[in-house]
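First comes the structure, then the notes that go with it.
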Amino acid sequence: NYSEATWKDQACVRTSQINWRDDHSVSWLERHMEMTQGFVVIGKNPGLFVLGEPTHDREDLDEKQRAMPDPKRVKAYIIPAGAGLILKLGTWHDFPVSTGPPVSAFIINTEEVVEALATMPAPAPMNHGDCFKLRLADHWDFTLKFPDPRPFVQKHGLVPNPVAYPLMGVDGYGQNMKREEVKPTWAGGAKVFVVPVVNVEVFTPGCGGPGIQPHLQSVPEVANKGWRDYGNRRGLQRLSALFSRLNIPATAVVNSEAAKVDYVAKALASSGWDLGAHGLNNSSGNAKMTRAEEEAHFKQCLDDLEGSLSTRPSTWLTPGFSVTERTASIAAMSGIKAFLDFVDDDVPFDVVDAETGARMLCLPYSMETNDFSLVQTKNMDARQYAQTLEDHVRQLASEPGEGKVVCLGMHTFVAGTPARTLALGESLERMQKLPGVQFASAAQVQALVRKMG
């Protein structure tokens, strides 16, 4: 019933089962000019097909371009089980791909093509009879990739059973989020950018929180709570004065409920810092939220901070790293430009939502330069804490390459105490003198990457 169907000789039907592959690259594309090849997906599982529009008859292309696929017109399609497709003459295509579970398909072509492919000892470019096959790396200086299909087929009920796939996506940064590198030249020759990040937090009464003497468990508990409150009452102002004296930019990531406290809002307003978001409070993270709940959480936090601080944050750190597989995607869609949840590198990188194209810059938020890690977990004294930060920066500055980023995560009730602020200030002054080291806020790094990248 397909009016454009045509065959050079006897049709040949093969059955193939294709298993999952972790590599989502498109390495090969081929076309046929003397048959309209067909595929039928059989069994219970869908298949993924990479197809490119014919180019052989495009009047807007020259002769050389007509012998190549147009990368702007190559798409990946999910074909449900029990359905099939017939390709127009000249349609560029790859072999079917699994969407998670094994996929079985009838592959309908000609005996000539089957024989030509069977005689190849290993995959290689072909221009034999009706089989014209290209290795894309021989012609392009980029790689085509399709998104991980597993979330899509599961979301739309196209598979009979749950599909096993990494909760945080293939790259580890969330569902549909892919990592893209930024050019190291963004730094303009600087070896290391140091980004002080001051966490301004509150905790829900009765829900506990970090403690300097965790054994104190009476109700009501006033000592550890008072230690945390001291940070916002005195430590915040002390750190602000330190960075102002040294003329060092900084970013504050702020619980929206903390910004409603009058003396906190005033201290932040006078600090001159880049103001970022840190959820509603530090007692309730995002883990176990539904997508709708998490989207509402982001909106409420950003709306409330804008109301309290007269600026809408574009930097985000999730409280307690309590994320879901959707956090990065929702952050990007919420207008966040600088994201601090990932700790796995020394250089900034982009994460991009494969579905929406929303993009954020990730600044590595090292666990090795976080005052909680060094003071609360490793029990370092004030001098050891400050010296460790300095040593970390010195080592990175001595290594080859440019464009590294070190976030100094600090809390008003840890780094903001008198002894630690004193030691921190002395180390920061020495860091300012290190060749190739600059200080910046998260927003400044993000703007520089976009400008230079």
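The values are calculated or read from the model by the stated rules, or taken from the named source; none is laboratory data. These numbers come from a predicted model, not from an experiment. When we count neighbours, we look across all protein chains shown, and the Cβ atoms used for this are built from the backbone with ideal geometry, even at glycine. Note: areas computed on protein heavy atoms with side chains; ligands, DNA, RNA excluded. Shrake-Rupley method; radii C 1.70, N 1.55, O 1.52, S 1.80 Å.
None of 363, 422 is modelled with pLDDT of 95 or more, under 18 Å from the mean Cα position of the chain (by Cα) and hydrophobic (A, V, I, L, M, F, W, C) except 363. Any residue in region 22-38 that is under 32 Å from the mean Cα position of the chain (by Cα), closer than 28 Å to residue 164 by Cα and without any contact (Cβ under 8 Å) to a residue 60 or more places away in the chain? Checked against the condition, which is being under 32 Å from the mean Cα position of the chain (by Cα), closer than 28 Å to residue 164 by Cα and without any contact (Cβ under 8 Å) to a residue 60 or more places away in the chain, region 22-38 yields at least one hit. Of all residues in region 127-155, those that are free of Cβ contacts under 8 Å to residues at least 60 places away in the same chain have Cβ atoms under 8 Å from Cβ atoms of residues that are part of a strand (DSSP E or B), 6 or more apart or on another chain, in 127/133. Just wondering, is there one or more residues in region 356-368 that are over 18 Å from residue 239 (Cα atoms), open to solvent by 10 Å² or more (accessible area, probe 1.4 Å) and among the charged types (D, E, K, R)? Yes, region 356-368 contains at least one residue that is over 18 Å from residue 239 (Cα atoms), open to solvent by 10 Å² or more (accessible area, probe 1.4 Å) and among the charged types (D, E, K, R).
Scanning region 336-355 for residues that are more than 10 Å from the chain's Cα centre (by Cα), open to solvent by less than 40 Å² (accessible area, probe 1.4 Å) and not hydrophobic (A, V, I, L, M, F, W, C) returns a single hit, 348.
Let me confirm something: among 402, 429, which residue is closer than 22 Å to residue 189 by Cα and exposed (fewer than 14 other Cβ atoms within 10 Å of the Cβ)?
Details: 402 fails: exposed (fewer than 14 other Cβ atoms within 10 Å of the Cβ).
Sole residue among the options that is closer than 22 Å to residue 189 by Cα and exposed (fewer than 14 other Cβ atoms within 10 Å of the Cβ): 429.
Checking each residue in region 149-174 for being closer than 18 Å to residue 349 by Cβ, open to solvent by less than 40 Å² (accessible area, probe 1.4 Å) and either among the charged types (D, E, K, R) or at pLDDT below 90 (or both) picks out only 169.
Test residue 373 against the criterion of being surrounded by fewer than 18 Cβ atoms within 10 Å (Cβ to Cβ), modelled with pLDDT of 95 or more, among the hydroxyl-bearing types (Ser, Thr, Tyr) and under 23 Å from residue 320 (Cβ atoms), and give yes or no.
Numbers: surrounded by fewer than 18 Cβ atoms within 10 Å (Cβ to Cβ): yes; modelled with pLDDT of 95 or more: yes; among the hydroxyl-bearing types (Ser, Thr, Tyr): yes; under 23 Å from residue 320 (Cβ atoms): yes.
Spelling it out, residue 373 is indeed surrounded by fewer than 18 Cβ atoms within 10 Å (Cβ to Cβ), modelled with pLDDT of 95 or more, among the hydroxyl-bearing types (Ser, Thr, Tyr) and under 23 Å from residue 320 (Cβ atoms).
Candidates in region 175-195 are the residues that are open to solvent by less than 50 Å² (accessible area, probe 1.4 Å) and of a type in the set (S, T, N, Q); of these, the one that is farthest from residue 327 (Cα to Cα) is 176. The single condition among (1) closer than 15 Å to residue 411 by Cβ; (2) not in a helix (DSSP H, G or I) that residue 267 does not meet is (2). Can you confirm whether residue 97 is out of contact with any helix residue (DSSP H, G or I) (no Cβ under 8 Å at 6 or more places or on another chain), open to solvent by less than 10 Å² (accessible area, probe 1.4 Å) and within 30 Å of residue 160 (Cα to Cα)? Yes; evaluated as a whole, the condition is true for this residue.
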